[in-house]
Every structure is written in structure tokens, then in C-alpha cells.
Amino acid sequence: MRNIKPPRRTKADGKAPILLAVEDTDGMLNAWCPFCASFHHHGKEEGMRTAHCDDPKSPFNQTGYLVKNGTTYLTRYLVESDKG
Ligand SMILES: [Zn+2]
């Protein structure tokens, strides 16, 4: 098991789920939503967001979610995975 820590959650974030986002070329954060099976497009800032869910049954509609920029995290994961 590789030692990669998930993004930090602060006390203020409560129990909201974390949605990892990837940064596009403009620095905007795009988070993959497993309930809508699509990307939700957010601004450049991480933090709590109301859900952009199209699916009315998505649990995110109740909780919102915490958008985290996972670009560095994902890149590091891919690089370390590549080392075998
Ligand atoms: Zn959604």
C-alpha cells in the first residue's frame, strides 16, 4: 500500500462527502459525480458547495459536498503507480 494521504477534512466541513476535482487549463475545478455520472463544474476555489446534481435522488442534494482539488494528488498517484 502506497503512503498517499487523502485530502484533509476540517472540522467545519462536518460529514460532507469529499469530491475530488481536476483542474482544467483555466484553473476551474471539475468534479466527477458518481450519481450523475458526469462532471460538475465549479469555480477555482475549494470548499463546500451545494450540489450541482441533475439526479434528484442524488444524496449530495441533501449534504452538498466538499470540492477538493485532487490534481496534485491524482498526478502523484499516477506517477507512483507508474513506478510499479
Ligand atoms: Zn451529481
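Since every read-out is calculated from the coordinates, none of them should be taken as a lab result. This is a predicted model, so every value here is computed, not measured. Cβ placement follows ideal geometry from the backbone for every residue including glycine, while neighbour counts extend to all protein chains displayed.
Listed values, structure above:
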item: P(r) histogram, all alpha-carbon pairs of segment 14-82 included - 10 Å bins from 0, percent; result: 22, 49, 25, 4
item: Simple spin-label estimate for Asn61 and Glu80 in nanometres, 7 Å along Cα-Cβ; result: 3.7
